[in-house]
Amino acid sequence: MSVLNWIPKTLTKVVLQFRTSKCLPQASYPIGRKIWGYVAVAFNQVDAERLAKVGPNRLCAEWIVKNGGGVRFVDNPTKLWKDYNSLPAETTKFAIKVVDATNASIMKIGLAHFKGCTSIDTVIFHNCKHLENDGLEGLRHIRSSLERLQVSGCYDISDSGLGVIGELKNLKQLLIFDMLYVKNMEQVALELKKQLPDCDIKATKLGVQLKEK
């Protein structure tokens with residue numbers, strides 16, 4: 001089923017026009033950005049009716065994929081699902097293990113989709129340009145299961161925005177890099193290490209990769 005079915009009806013026409021239009025004149029760029037902002041919000045809001053119908057794992061998978069990311073499931077951790085229309089049928093039960101939000105248009109409000117997803121042990125936030133400074137707060141929903149976290153290339157997040165990571169007491173591996181507005185990476189890492197003494201923390205300007213479980 002097309003992703004357009006999950007956009008509020010008032011935005012569906014706008015999205016279709018936005019997708020099919022040619023390059024806008026220079027004077028129209030601000031309008032285009034504003035329209036895309038509305039679409040991004042719509043794609044991140046939790047649909048309570050849909051949640052009641054398909055459950056938290058299915059809804060979370062739909063959220064990540066329709067925003068440009070991918071997910072891996074507990075029963076098939078080697079496959080990265082990125083195509084919305086190829087997700088398992090609604091009658092198929094699954095649990096999300098990995099959320100890979102690389103280049104995804106996720107926002108703070110979208111992280112509410114994590115609530116009820118009790119098997120997510122790995123989250124990658126890489127180049128998430130819409131994720132606000134306080135956008136990581138939604139990780140509290142999965143702090144009981146989350147073991148590996150990467151935050152990189154998320155340029156709206158500063159030193160203060162990384163502080164909530166210290167509450168994720170089950171973290172075993174944490175990677176932070178390419179964070180333009182983190183002024184004191186060493187101090188951030190030091191504070192997090194105090195709160196997470198058993199976590200392998202790498203905070204650097206260089207690129208690194210999460211270890212496979």
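Just so it is clear, none of the values below were taken in a lab; they were calculated from the coordinates. Since we're looking at a predicted model, the values are computed, not measured. Note that each Cβ is placed from the backbone with ideal geometry, even for glycine, and that neighbours are counted across all protein chains shown.
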Fill in the blank from the handout: Taking a ≥ b ≥ c as the square roots of the eigenvalues of the Cα gyration tensor, with a/c under 1.5 meaning rounded and otherwise prolate when a/b exceeds b/c and oblate if not, region 43-104 is oblate
Exercise for the section: Taking H placed 1.01 Å from N in the peptide plane, check which residues at least 5 places from Ala104 or on another chain put their amide H under 5 Å from its amide H. Expected result: His126
Handout entry: Net charge of neighbours whose Cβ lies under 10 Å from the Cβ of Glu167, counting Lys and Arg as +1 and Asp and Glu as -1
Key = +2
Fill in the blank from the handout: Taking a ≥ b ≥ c as the square roots of the eigenvalues of the Cα gyration tensor, with a/c under 1.5 meaning rounded and otherwise prolate when a/b exceeds b/c and oblate if not, region 55-204 is prolate
Practice task
Take the Cβ-Cβ distance between Thr204 and Asn103 as r, set R0 to 22 Å, and report the resulting FRET efficiency rounded to the nearest 0.05.
Solution key: 0.60
Handout entry: Separation in nanometres of the label points that stand 7 Å from Cα toward Cβ, at Asn127 and Tyr155
Key = 1.2 nm
Practice task
Rounded to whole Hz and in sequence order, give me ³J(HN,Hα) for region 140-147 from the Karplus expression 6.51 cos²θ - 1.76 cosθ + 1.60, θ = phi - 60°, writing x for Gly and Pro.
Solution key: 4, 5, 10, 5, 6, 10, 6, 10
